[in-house]
Amino acid sequence: MAAKHLIDLSDLEQGKVNAIIDLACKIKENPQQYQDVCRGKIMATLFYEPSTRTQMSFKTAMLRLGGEVIGFDNPQNSSVSKGESLKDTIRIVGGYADIIVIRHPSEGCAKAAAYHSNVPLINAGDGGHLHPTQTLTDLVTLHLEKGTLENLTIGLCGDLKYGRTVHSLIKSMCRHHTKFILISTRELTVPQYLKDLMNASGCSYQEIYSLEEALPMLDVLYMTRIQGERFSSREEYERQKSVYVLDRRKMSLAKKDMVVLHPLPRVDEITDEVDEDPRAAYFRQAVNGMYARMALILTMLQDPQTGSSIHFNRVYPSIACTNPKCITQSEGYLPKSFSESGDMLVCDYCDQRILI
Ligand code: NCD
């Protein structure tokens with residue numbers, strides 16, 4: 001039977017997502033009860049991109065469940081530096097480990113890797129595309145901090161173009177009658193496919209430049225870092241950085257029970273003084289990430305039906321994805337597969353739209 005994978009949190013039915021959130025909360029309340037549940041299991045973490053929280057929380061999660069961890073955090077120390085293809089690396093690691101966690105700078109990489117994996121694989125961030133386990137962390141935190149995921153007004157602020165955490169969160173929150181307030185410069189607004197999704201799901205969204213103007217409306221403020229490493233030029237990054245800074249003065253404009261989230265790391269977008277405000281939940285959020293990942297690993301190992309199998313819509317051998325960061329650019333053997341949407345083709349890996 002083909003393994004099931006977690007590439008995009010919105011591939012899971014809401015009932016399953018709720019069960020994982022509930023399990024994360026139960027584990028948080030009583031971690032000792034779970035300290036042996038993954039005894040004898042091995043998780044491989046393949047990190048082709050820098051990471052502190054995601055990598056360490058995944059590793060700690062598996063260790064706290066009684067399992068073991070192998071992997072690399074610098075591909076230069078692996079056979080990737082000798083030119084090994086992604087599919088060969090995955091095939092080999094799948095022979096060693098019971099579950100694989102992968103982070104990679106190319107968009108659609110997790111889906112491509114999962115296609116070649118005979119064990120469950122989890123997307124820990126694929127370029128500027130998606131970051132489902134951060135979203136799971138965010139959902140656990142919203143559940144704990146706000147008591148509900150329904151009917152919230154959420155402000156997403158900063159790099160909405162390249163911020164994969166924002167993209168995944170929008171996809172998931174579209175299921176909860178969310179009112180989205182998108183706070184960004186014109187250059188860093190969310191990709192069109194997500195605007196289409198918000199419209200199609202019946203959620204409303206408003207694009208706004210001013211954080212001050214947005215703040216009084218919000219139940220949740222999700223701050224993000226400007227993703228310098230994903231810009232095509234340093235000059236463009238310099239123009240965009242430090243536009244949004246949340247400080248104590250701005251916090252005084254917000255509701256008394258607004259919650260501030262941030263996937264972290266922060267650069268300068270939240271001043272240190274905000275950390276003392278009880279509404280600042282980002283350090284609690286980072287801890288929740290470990291419990292969220294414990295719940296996810298345990299669920300995927302215990303119930304192999306959790307997740308989705310990889311299928312491709314239609315292969316167009318002569319059409320290439322136009323996204324220079326798509327995984328199909330570097331791993332030439334991958335089937336060039338797209339779905340049709342009106343007069344567009346949508347890349348099955350990275351969601352890039354191509355006019356036909
Ligand atoms: C985020 C990421 O890697 O996308 N960090 C994380 O996983 N907590 C956010 C970021 O790097 O800005």
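Observations on the model:
- Residues of region 231-251 that are in contact with a helix residue (DSSP H, G or I) (Cβ under 6 Å, 6 or more places away or on another chain) and either open to solvent by 40 Å² or more (accessible area, probe 1.4 Å) or β-branched (Val, Ile, Thr) (or both): Arg248 alone.
- Within region 199-234, the set of residues being hydrophobic (A, V, I, L, M, F, W, C), out of contact with any His (no Cβ under 7 Å at 6 or more places or on another chain) and not in a helix (DSSP H, G or I) comprises Ile208, Leu218, Val220, Leu221, Ile226, Phe231.
- Qualifying residue in region 72-92 (condition: in a helix (DSSP H, G or I) and touching a strand residue (DSSP E or B) at 6+ places or on another chain (Cβ under 6 Å)): no
- Taking (1) outside the structural domain of Leu156 (by TED's automatic domain parsing); (2) in contact with a His (Cβ under 8 Å, 6 or more places away or on another chain) in turn, Tyr282 satisfies each apart from (1).
- Within region 257-282, the set of residues being part of a helix (DSSP H, G or I) and either without any contact (Cβ under 8 Å) to a residue 12 or more places away in the chain or open to solvent by less than 40 Å² (accessible area, probe 1.4 Å) (or both) comprises Asp272, Val274, Asp275, Glu276, Tyr282.
- Selection of region 48-73 for residues being open to solvent by 60 Å² or more (accessible area, probe 1.4 Å) and more than 16 Å from the ligand (Cβ to nearest atom) yields Leu63, Arg64, Glu68, Ile70.
- Some residue of region 116-129 being open to solvent by 10 Å² or more (accessible area, probe 1.4 Å), farther than 23 Å from Ile226 by Cα, away from the ligand (no atom under 14 Å from the Cβ) and hydrophobic (A, V, I, L, M, F, W, C): yes
- Total residues in region 54-71 satisfying the condition of being under 16 Å from the mean Cα position of the chain (by Cα) and assigned to a strand (DSSP E or B): the figure is 0.
- Members of region 150-184 found to be in a loop (DSSP other than H, G, I, E, B), surrounded by fewer than 21 Cβ atoms within 10 Å (Cβ to Cβ) and either within 13 Å of the ligand (Cβ to nearest atom) or basic (Lys, Arg) (or both), listed by number: Lys161, Arg175
- Condition check for Ala254: within 17 Å of Val140 (Cα to Cα), crowded, with 17+ Cβ neighbours inside 10 Å, away from the ligand (no atom under 15 Å from the Cβ) and outside the structural domain of Lys325 (by TED's automatic domain parsing): no
The values are calculated or read from the model by the stated rules, or taken from the named source; none is laboratory data. Given the structure is predicted, the values throughout are model-derived calculations rather than measurements. Counting neighbours? That spans all protein chains shown, and the Cβs are built from the backbone with ideal geometry, glycine included. What goes into the accessible areas is simple: the full protein's heavy atoms, side chains included, and nothing from ligands, DNA or RNA. Shrake-Rupley method; radii C 1.70, N 1.55, O 1.52, S 1.80 Å.
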